[in-house]
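Here the structure is laid out as structure tokens; the discussion comes afterwards.
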Amino acid sequence: MRAAAGILATIVLLAPPAGATFSIAAYDSVTQELGVAVQSRAFSVGMAVPWAEAGVGAIATQASTNETFGPAGLGLLRSGKPAPEVMRALLDADSGSAHRQLGVVDARGRSASFTGKLCSEWAGGVTGPGYAIQGNILAGEAVVKGMERAFLETKGELAERLLAALVAGQAAGGDKRGMESAAIVVVRPSDQYPEYRARYVDLRVEDHKDPINELIRVYRLLEGQRLAEAHIRFADYYEKAGRKDLARLERERVAESLTHALASRDVDASTLNGLAWTCATNGVHLEEALKAAERATALEPKNAEILDTLAEVYYRNGNAAKAVEVETQALSYSPNDAYLKDQIARFKSGSK
Amino acid sequence: MGEIRLHRTPGRGLPAALAALACFALAGAPSASASSDRGTFSIVAHDSVTQELGVAVQSKYFSVGTDVPWAEAGVGAVATQARVDPSFGLKALALLRTGLTAPEVLRALAANDSAWDARQLGVADARGGVASWTGSKCLDWAGGETGADFVCQGNILAGPAVVAGMAKAYRETQGEMAERLLAALDAAQAAGGDKRGMQSAALLVVRPSATRPQFSQRYIDLRVEDHKTPIKELRRLLEIQEGFHGADNHFHYAEQYEAAGRADLAARERERVAETLRRALARRERDASMLNGLAWACATHDLYLGDAVKAAERAASLEPRNVDILDTLAEIYFRQGNSNKAIEVESRAATIDPKSQYLKDQIARFRKGVKG
């Protein structure tokens with residue numbers, strides 16, 4: 001048995017570490033997002049490795065994981081110490097530092113990565129402005145190099161770039177022992193939606209044969225069911241703050257999600273429905289939204305919620321007659337739904 | 001339909017509460033989505049012996065664990081649901097941190113919310129105070145039940161039996177908080193659960209520890225984001241967690257209690273590991289890493305070696321070429337005084353992984369009879 005988290009502190013017997021993990025901690029200077037994505041051979045890596053707080057920093061603690069580095073590191077970052085100093089402070093206070101691996105990024109994009117000399121081969125990391133990438137018990141250095149390239153070359157929001165790094169890490173041979181769990185955390189400052197400071201994207205795959213693909217699958221669900229709305233919220237916020245450029249970027253993210261979803265062969269109806277609904281009710285990307293709603297309807301033709309979205313999109317596109325027709329069909333599947341009746345009346349009266 | 005159940009109202013008042021909220025923008029934006037009313041059931045609890053605070057939740061919507069459960073050791077635990085305002089999680093914890101009781105927190109949140117009659121919340125504070133709120137506009141059936149140290153609540157449920165079943169199961173189940181919380185979810189589902197079905201579940205338990213500060217945020221923190229049978233999947237994960245981390249965690253608390261002169265509580269923590277072992281053997285656990293984690297924790301603490309060896313043997317039969325597992329089995333044989341068998345098993349491990357210095361050191365150690 002490899003020593004699990006914390007055992008090392010209490011017993012003399014030193015078994016090789018349980019790690020076999022690769023991770024990336026990163027910062028986006030435009031959106032102020034901070035995030036961590038990680039994959040491991042260990043169970044529920046998301047409980048141990050990733051730690052992040054908006055405006056503070058992001059930490060990945062692994063190999064013979066010292067989980068206290070998470071809250072302790074965030075505490076030091078909160079006091080304004082730069083990432084490299086925080087890393088040194090954590091390691092200096094730890095007698096087991098030769099077994100640790102740690103990546104730290106602060107809220108100004110400074111980064112640091114450490115690999116203890118007793119981490120099992122191959123182990124190492126790479127850093128650049130705004131990111132720290134590291135892994136242990138890997139197939140080789142190509143894993144972290146591949147992650148770096150994917151992170152730097154991928155366009156779009158931070159979560160997409162973090163997931164692309166995991167995919168590239170695995171494609172380069174990844175974790176020598178195979179896969180069990182994965183996690184992604186992204187945090188983002190917001191006064192109006194303070195929950196984003198702790199959980200903007202916060203998804204787990206605890207025990208799965210193909211954890212990275214499963215993580216991407218649930219991330220696609222999140223795009224439709226939470227993130228599209230979040231982007232519109234940030235767009236509204238930036239508009240009010242006089243930052244039209246950033247507002248446009250946020251709306252562009254929704255368009256990217258739509259493009260992804262429409263290009264995907266196995267997209268989930270709920271993702272399409274969520275994207276279409278968000279676009280319809282906010283009057284953005286209506287043409288693509290119509291395609292998404294039609295595709296969702298093709299996947300689940302008797303789902304009243306999806307038909308309602310399709311009707312709403314038609315209505316916002318100026319096609320009230322089609323809206324009434326589709327909503328009437330929805331009502332036939334859910335005859336007691338007062339909301340659907342109100343919608344039909346609304347479409348007939350022409351009010352927004 | 002809903003009411004705030006008030007337990008007691010000590011001195012700390014709303015001014016402190018409002019100061020705590022000052023760091024948040026109070027105007028909540030109305031949600032645009034037609035489906036923003038989400039069917040959910042949850043339980044929020046406090047354990048006065050272990051100081052654990054926890055939330056378990058199931059819902060017919062994606063990734064309920066992102067929005068509903070919030071907890072911090074020494075502070076409180078919150079479930080925010082129905083027309084979910086996820087910001088209530090952090091706001092409630094900030095209010096609890098100022099010393100407000102659970103019922104006072106609900107009053108403070110209500111005072112600043114324009115959609116309070118569509119909300120549902122459960123709150124437990126770190127002194128055992130609890131409160132549950134179900135707004136009159138929560139969709140049928142909606143309601144909650146308040147126990148001595150827990151609250152359970154749900155909306156868009158099959159009926160009142162769902163919440164009653166949760167409460168009964170939590171009261172009657174023995175063992176640690178996570179087990180009791182999951183038993184409550186099981187009972188809710190058995191009573192019809194969420195009218196709309198199942199999609200996601202989450203379990204969050206926090207616990208104070210002087211030397212493991214991470215437990216203040218994540219003692220047990222498991223998620224099922226999108227699954228056909230999320231509660232069943234959550235139980236599967238908890239069973240793995242019990243071997244993988246749980247046994248080590250209980251030994252950690254046993255040592256803390258011993259050092260604090262609380263031998264009774266230390267014995268209770270160790271008993272939790274014995275229970276886990278018995279349950280794993282009884283259900284013929286098939287997850288080798290779970291069995292291995294459990295056996296290793298027992299071996300290195302010289303406890304329950306009789307059952308631990310059965311767990312390790314079972315793990316080795318499931319994965320006969322897994323070096324970690326063979327090492328665990330060898331370690332237990334050695335601790336049981338059977339050096340020959342320990343050397344034999346570890347030598348088998350060393351033939352599978354001939355480069356490992358660790359395994360060579362172990363064999364040398366077994367030959368010498370050094371305990372480690």
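Structural remarks
- Of the residues examined, B:Ala201 is one that is within 14 Å of chain A (Cβ to nearest Cβ), surrounded by 24 or more Cβ atoms within 10 Å (Cβ to Cβ) and touching a residue at least 24 places away in the same chain (Cβ under 8 Å).
- Only one of the numbered conditions (1) open to solvent by 20 Å² or more (accessible area, probe 1.4 Å); (2) closer than 30 Å to B:Gly175 by Cα; (3) hydrophobic (A, V, I, L, M, F, W, C) is not met by B:Ala299, and that is (1).
- Just one residue in the set B:Glu179, B:Glu145 is open to solvent by 10 Å² or more (accessible area, probe 1.4 Å) and assigned to a strand (DSSP E or B); that residue is B:Glu145.
- Residue pairs whose Cβ atoms lie under 7 Å apart, separated by 6 or more positions or on different chains, with the first residue in region B:214-239 and within 8 Å of chain A (Cβ to nearest Cβ) and the second among the charged types (D, E, K, R) and in a loop (DSSP other than H, G, I, E, B), are B:Gln214/A:Glu67; B:Leu222/A:Glu206; B:Arg223/A:Glu206; B:Leu237/A:Glu206; B:Leu237/A:Asp207.
- Residue match in region A:163-186 (condition: of a type in the set (D, E, K, R), buried (at least 23 other Cβ atoms within 10 Å of the Cβ) and modelled with pLDDT of 95 or more): no
- Filter pass, B:Leu277 being closer than 23 Å to B:Ala315 by Cβ, crowded, with 19+ Cβ neighbours inside 10 Å and either free of Cβ contacts under 8 Å to residues at least 40 places away in the same chain or of a type in the set (Ser, Thr, Tyr) (or both): yes
- Enumerated strands (runs of 3 or more DSSP E) restricted to region B:64-131, each holding at least 3 residues that are hydrophobic (A, V, I, L, M, F, W, C) and either in contact (Cβ under 8 Å) with a residue 24 or more places away in the chain or open to solvent by less than 10 Å² (accessible area, probe 1.4 Å) (or both): B:76-83, B:119-125
- Residue count for region A:129-145, restricted to those that are open to solvent by 10 Å² or more (accessible area, probe 1.4 Å) and among the small types (Gly, Ala, Ser): 3
- Verdict on A:Glu288 being open to solvent by 20 Å² or more (accessible area, probe 1.4 Å), touching a Gly at 6+ places or on another chain (Cβ under 8 Å) and either in contact (Cβ under 8 Å) with a residue 40 or more places away in the chain or within 25 Å of A:Thr154 (Cβ to Cβ) (or both): no
- Among the residues of region B:188-219, the one identified as hydrophobic (A, V, I, L, M, F, W, C), out of contact with any His (no Cβ under 9 Å at 6 or more places or on another chain) and modelled with pLDDT under 95 is B:Ala210.
- Residue that is farthest from the other protein chains (Cβ to nearest Cβ) [pool: residues in region A:150-204 that are acidic (Asp, Glu) and more than 12 Å from the chain's Cα centre (by Cα)]: A:Glu153
- Among the candidates B:Glu72, B:Glu104, residue that is touching a helix residue (DSSP H, G or I) at 6+ places or on another chain (Cβ under 8 Å), of a type in the set (D, E, K, R) and more than 14 Å from chain A (Cβ to nearest Cβ): B:Glu104
- Taking the criterion of being over 22 Å from B:Arg196 (Cβ atoms), open to solvent by 20 Å² or more (accessible area, probe 1.4 Å), in a helix (DSSP H, G or I) and in contact with a helix residue (DSSP H, G or I) (Cβ under 6 Å, 6 or more places away or on another chain), the residues of region A:294-318 that qualify are A:Arg295, A:Tyr314, A:Tyr315, A:Arg316.
- Residue within region B:334-357 that is among the β-branched types (Val, Ile, Thr), within 21 Å of A:Arg41 (Cβ to Cβ) and within 14 Å of another protein chain (Cβ to nearest Cβ) present: yes
- Scanning region B:313-327 for residues that are over 10 Å from B:Ala288 (Cβ atoms) and part of a helix (DSSP H, G or I) yields B:Glu313, B:Val323, B:Leu326, B:Asp327.
- Taken together, the residues in region B:41-63 that are farther than 20 Å from B:Leu237 by Cα and assigned to a strand (DSSP E or B) amount to 2.
- Filtered residues of region B:123-140 (kept if under 16 Å from B:Ile156 (Cβ atoms) and not hydrophobic (A, V, I, L, M, F, W, C)): B:Thr134, B:Gly135, B:Ser136, B:Lys137, B:Asp140
- Any hit, region A:213-227, residues being within 10 Å of chain B (Cβ to nearest Cβ) and of a type in the set (Phe, Trp, Tyr): yes
- Sub-7 Å Cβ pairs linking a first residue in region A:267-278 that is facing another protein chain (nearest Cβ under 9 Å) to a second residue that is open to solvent by 10 Å² or more (accessible area, probe 1.4 Å) and in a loop (DSSP other than H, G, I, E, B), at least 6 apart or interchain, are A:Trp277/B:Ser33, ordered by first then second residue.
- The single condition from (1) modelled with pLDDT of 95 or more; (2) of a type outside the set (Gly, Ala, Ser); (3) closer than 23 Å to B:Met166 by Cβ that B:His7 fails is (1).
- One residue from B:Tyr170, B:Tyr219 being in contact with a Cys (Cβ under 8 Å, 6 or more places away or on another chain), outside the structural domain of B:Leu303 (by TED's automatic domain parsing) and surrounded by 22 or more Cβ atoms within 10 Å (Cβ to Cβ): B:Tyr170
- Residue selected from region A:228-256 under the condition of a type in the set (Lys, Arg) and either touching a Leu at 6+ places or on another chain (Cβ under 7 Å) or away from every other protein chain (no Cβ under 13 Å) (or both), by the criterion least open to solvent (accessible area, probe 1.4 Å): A:Arg253
The values are calculated or read from the model by the stated rules, or taken from the named source; none is laboratory data. Just so it is clear, the model here is predicted, and its values are computed rather than measured. Please note: Cβ atoms are built from the backbone with ideal geometry, for glycine as well, and neighbour counts cover all protein chains shown. We work out accessible area using only protein heavy atoms, side chains counted, and drop any ligands, DNA or RNA first. Shrake-Rupley method; radii C 1.70, N 1.55, O 1.52, S 1.80 Å.
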